[in-house]
Each structure stands twice: as C-alpha cells, then as structure tokens.
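Okay, so here's the structure we're looking at.
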Amino acid sequence: MSMQGVQNEEKIDLTKEETKRVRQRSMKLLGEMIKPIRNRLWISLLLVITSQAIRVSLPSLVAVVIDKSLPAAVAGDFEPLIWIVALYIGAAITASALIAFFVQFAARINQDIMLGLRTRLFAHTQKLSIEFHETYTSGRVISRQTNDLDSIMELLNSGGNEMIAGLLFMIFTAVALIRLDPASFLIVLISFIPLWFLTRWFQRNTRTNYRKTRVASAKLIVFFVETMTGIRAVKAFRKEKNNSEKYADLVEDYRAVNAKVIQLFGIFDPGLILIGRVTAAAVLLFGGLRVIDGDLGIGTLVACILYVSSFYDPMEQLAMFYNSFQSASSGLEKISGVLEEQPSVAEPKEPAEFEFSRGHINFDKVQFAYSNGAVVLPEFSLDIPAGQTIALVGTTGAGKSTLAKLISRFYDPVSGSVSIDETNLRNISDTQLRQSVVMVTQEAYLFSGSVAENIALGKPLATRDEIEAAAKAVGAHEFILALPDGYDTDVNKRGGRVSAGQRQLISFAR
C-alpha cells in the first residue's frame, strides 16, 4: 500500500475496483488469522453441528409423543411415552451441554486470534518508516488499535458464534421440515421472496453507513489526541472554546451516522418478525385444514408450527450479527490497509560490513522529494569531514531537518547517495546505523519511566556508572541529582516533571 493508499483510506464511496481490492486484502488477512487455529476450528464446528442437530430433533419428538405415544398411553401402554419423554429430556440436556462447551471453546480460539492480530499490528506499525507516521496521524493509528480491533473482537466473541449456530439451526430445521411436511416448507420458501428484498435493502444501506461510522469515529479520536497532545498550545492561545465547538460538531456527525444505522435496524428487525409471524399463521391455517381432512396429524402440525416459529429466531440473531459484521468488516479493511504498508526505507537484504570509525559524511548528488512529489532538496553535494562540527542555516522549510533525517536514514534520497565512512547508508543494517547515528530533535520525547531508563533507552543493559557518565558529559548530572529520587525519578507523562531544557539534556545523554 502506497502513501496514496493511506490518503484514500478514509474514502467512503469506493469505486468497484477499489472495493474489490480492499475486499481481497481483507480476505487475505482473515485467512492469515484463521490458518494457525484451523484444526481447533474444525473441532468447534463439529461441536456446534452436533448440538444444533440434537436441538432441531426436539420438535419431531413432540410430534411422536402427540401422534403415537399419547394414543398408546390412552390404550394403557405408557412405555413409549416414558421412553420418548426421557429421550427428549436427555437430548435437551446434551444439546445444552454441547452448546456451553462450544461457547467456551470458541471464546478461547477468538482470544488467540485477537492476541495474534493485536501484537502483529503493533509490531508492524513500529517497523514502518517515519514517512508513514508523518502521513498517518497518531489518532488514526490509535483508532486502528482500539475501535477497529474492538469491533473485530466483538464480532468473534458474540456475533461469530451466533452466526454459525444460527445458520446450522436454520439448515437443520429446513431439512426436518421437508422430511416432516414438504407442504409447510413450501410456504416457508414463498416467504423467502419478501425476505430477500428486505435483506438486500438492509445490506446496501448498512454497508455505506458503517463506513461512515468508522470514519466519523476516527476523526473524533484524531481530534481528541491532537488536542490533548498539544494542550499547552491550546491553553496558551485560548483555543478551548473553539476546540469544544469543533469537537461538538464531530460528536454530532458521529451521532447522526449512528442514528441512521439504528433507523435501518428499526425497519429491518420488525420486518423480519412480521414475515415470520405471517408465515407461521399460513402454516397453521393450511395445516389446520389438512388436519380436519385427516391428511395431517395434530402432532405433525404442532411440530411444523414449532419449526416455522423457531426458524426465524436465528434471522434476528443474524441481523445483529450483520450489525457486528459490517462494523468488523470496516475495521478489518482499515487494519489490513496498515498491515499491507511496507517500509519506504527498507533494511538491506545483505548488509555490508560496517564499523563506525571516523564519521566522514558525504552527500553525493543527492535529491529528495516527498511522496506527493514536492521537491525539498534539489540536487546537491556536500562533504563533511570526520570530527568537524557544522551548523546548517536556512529559512524555515529549506531542508535543514531533512538533511538530518537523510543522515539518520529516516528517508532515502530520490537520487544520489548518502554515505558514512565511504559506506552507502542503504547498505548498512538498521542496528549498525542506530549504533552510529543518533538524531535529537527539538521536541525531546521522554517515555514513561525513570530518568535512568530514558538515558539508557538505546542500551537497556547499561550500568548506573555508564548512565551517570553520559549525564555528566552533557551537564545533566547536577539537576538529575536534585530531582526527588535522582536518577530513579519517574519523568511522568512525557517528561512533565522536567523542563524543556532538561528534557533536551536527557535526550543528549541517551
């Protein structure tokens, strides 16, 4: 996925080609998620098939009791009635036990899937190049890790289990109804005509509206994260009122798209119930006339009505599943888009032998432009001898920071080469390069943890003597000792306990 793909990710109305590509990408990810646990899925499927088959057999036993066992009991033979009732109770207990075991077994599978997907997304996001993170806002990344993953988890934990059980129940019920009374099943088939039109209408409208809900949700998170991250600037420039008004507009947009989805269900659910009740009434009327004519047993009619009435129960569950499915499908599209991203600055497949010795830096006919085509650095050459301290001076946007990013290999030049000690940066492994080149930006970022942990960020096993020596070398030792717990002081919330200048010194020390 290119940066253009990132820019198009939030589009709602996709072309047929884009829709097809997104669906293929999502299905590929789904297959990768399922592959490691496919054997357990077969066991899970066997459990639910068995439980639903037993559950569907119960109305047939009722027909046997009414049409055969009760007449035998009236004649004085109670044995068939006792056996059938005992079989009914045993089947009900077995079906319940299997369903309970299936739900627990499926829950463990779902948690394993989510664990793998969550860790994979986090690890992959970290591997992506700086260009991705500068284009793909932090709020959208957070949305992928929260809303989108949660929608998939909700589908797996509830909707997925209900969908499988519901579909199997409907299939087995249809088979049982055909065997018991084909005429009643024909009435059910006729009811599929209005059901098909209702379902198609629902699908078309919910697909677009669920995309809108994901986009609106992401915008909310992005704005919230940006506001809280830049809270000092918000307060300094008195932006609280403007931000509150903008946030209220975003909340209203989110409420509006969710209201549309709820309205769709307000039509779909009652429509399902109406079709089910009318179908059951038709079976009762048509079957009752045949009972009067002696062509159908009362027990069989009762069983048919039970089957028809219960046949539409999973339809309501499937509607709720479709609710979760649309949300999860949209989330899967977003996540698969991130996982499809490849680092624009890739590690060399065969790194060159490199050992930092002098620090001679050379820019040879280097040209750099961002992915949008805007040229930042026209072709130029620059040679920086080892041991020399230089200062780059220029107007804002002249490319000073870009030069530093090229040396750190956060970006690669469009043409030309950047080398250290006569070795092209493209041929140096990331590990070796990070051990040789460090970039300290104006925004000195400190992570939650102690001062010592922040200094030892690039060398976690550093001794306390090494940490203190680094702090002394940059003049940070004295102010660190003055902190409440010295080097063990928790910097708290991105360095909130130390000043901007102190954060900078800690960054130099690490």
(request) Could you please give the count of residues in region 353-395 that are within 16 Å of Arg409 (Cβ to Cβ) and open to solvent by 80 Å² or more (accessible area, probe 1.4 Å)? (result) 1
(request) Filter region 343-363 down to residues that are of a type in the set (A, V, I, L, M) and within 12 Å of Ser419 (Cβ to Cβ), then give me how many there are. (result) 2
(request) Scan Phe237, Phe223 and give me the residue that is within 30 Å of the chain's Cα centre (by Cα) and among the aromatic types (Phe, Trp, Tyr). (result) Phe223
(request) Please note which helices (runs of 4 or more DSSP H) are completely contained in region 393-510 and include at least 3 residues that are at negative phi and modelled with pLDDT of 85 or more. (result) 400-407, 451-455, 464-473, 477-481, 500-509
(message) Quick test for you: out of Ile231, Ile178, pick the one residue that is without any contact (Cβ under 8 Å) to a residue 12 or more places away in the chain and in contact with a Phe, Trp or Tyr (Cβ under 6 Å, 6 or more places away or on another chain).
(response) Ile178
(request) Kindly check whether there is at least one residue in region 411-421 that is without any contact (Cβ under 8 Å) to a residue 24 or more places away in the chain and either within 30 Å of Met27 (Cβ to Cβ) or aliphatic (A, V, I, L, M) (or both). (result) no
(request) Can you work out which of the residues in region 231-248 that are modelled with pLDDT under 85 and open to solvent by 70 Å² or more (accessible area, probe 1.4 Å) is farthest from Ala216 (Cα to Cα)? (result) Ala236
(request) For Ile305, work out the one condition from (1) touching a Leu at 6+ places or on another chain (Cβ under 8 Å); (2) open to solvent by 20 Å² or more (accessible area, probe 1.4 Å); (3) more than 27 Å from Ile273 (Cα to Cα) it doesn't fulfil. (result) (3)
(request) Enumerate the pairs (first residue in region 352-368 and within 17 Å of Thr389 (Cβ to Cβ); second residue anywhere and open to solvent by 40 Å² or more (accessible area, probe 1.4 Å) and assigned to a loop (DSSP other than H, G, I, E, B)) with beta-carbon separation below 6 Å, excluding pairs fewer than 6 apart on the same chain, so at least 6 apart or on different chains. (result) Arg358/Ala386; Gly359/Ala386; His360/Ala386
(request) Exactly one condition in (1) open to solvent by less than 80 Å² (accessible area, probe 1.4 Å); (2) more than 30 Å from Leu284 (Cα to Cα); (3) without any contact (Cβ under 8 Å) to a residue 60 or more places away in the chain is not met by Phe192; state its number. (result) (2)
(message) Being open to solvent by 70 Å² or more (accessible area, probe 1.4 Å), of a type outside the set (Ser, Thr, Tyr) and either touching a residue at least 24 places away in the same chain (Cβ under 8 Å) or within 30 Å of Ile190 (Cα to Cα) (or both): is that true of Leu274 here?
(response) yes
(request) Look at Val451 and say whether it is of a type in the set (A, V, I, L, M, F, W, C) and open to solvent by less than 20 Å² (accessible area, probe 1.4 Å). (result) yes
(request) Please go through region 1-37 and pick out each residue that is in a helix (DSSP H, G or I), surrounded by 13 or more Cβ atoms within 10 Å (Cβ to Cβ) and modelled with pLDDT under 75. (result) Met3, Gly5, Val6, Gln7, Asn8, Glu18, Thr19
(request) Confirm whether Ala91 is in a helix (DSSP H, G or I) and touching a Pro at 6+ places or on another chain (Cβ under 6 Å). (result) no
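Residue by residue, here is whether (1) of a type in the set (A, V, I, L, M); (2) part of a helix (DSSP H, G or I); (3) closer than 30 Å to Val291 by Cβ; (4) free of Cβ contacts under 8 Å to residues at least 40 places away in the same chain holds:
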position: Arg140; (1), (2), (3), (4): no, yes, no, no
position: Glu154; (1), (2), (3), (4): no, yes, no, no
position: Met163; (1), (2), (3), (4): yes, yes, no, no
position: Leu167; (1), (2), (3), (4): yes, yes, no, no
position: Ile171; (1), (2), (3), (4): yes, yes, yes, yes
position: Leu198; (1), (2), (3), (4): yes, yes, no, no
position: Arg207; (1), (2), (3), (4): no, yes, no, no
position: Lys212; (1), (2), (3), (4): no, yes, no, no
position: Phe224; (1), (2), (3), (4): no, yes, no, no
(request) Check region 167-184 and report whether any residue there is among the aromatic types (Phe, Trp, Tyr), modelled with pLDDT of 85 or more, open to solvent by 40 Å² or more (accessible area, probe 1.4 Å) and farther than 24 Å from Ala53 by Cβ. (result) no
(message) Restricting to region 283-302, count the residues that are assigned to a loop (DSSP other than H, G, I, E, B) and either of a type in the set (A, V, I, L, M, F, W, C) or open to solvent by less than 20 Å² (accessible area, probe 1.4 Å) (or both).
(response) 1
(request) From Leu318, Leu272, Leu332, grab the single residue that is touching a helix residue (DSSP H, G or I) at 6+ places or on another chain (Cβ under 6 Å) and closer than 30 Å to Ile130 by Cα. (result) Leu332
(message) Quick check on region 64-71. Is at least one of its residues within 30 Å of Ile335 (Cβ to Cβ) and open to solvent by 50 Å² or more (accessible area, probe 1.4 Å)?
(response) no
(request) With respect to Lys334, determine if the residue is part of a helix (DSSP H, G or I), more than 30 Å from Val188 (Cβ to Cβ) and of a type outside the set (A, V, I, L, M). (result) yes
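The values are calculated or read from the model by the stated rules, or taken from the named source; none is laboratory data. Because the structure is a prediction, the values reported are computed rather than measured. For neighbour counting, all protein chains shown are included, and Cβ atoms are generated from backbone atoms with ideal geometry for every residue, glycine included. Heads up: the accessible areas ignore ligands, DNA and RNA and are worked out on the full protein's heavy atoms, side chains in. Shrake-Rupley method; radii C 1.70, N 1.55, O 1.52, S 1.80 Å.
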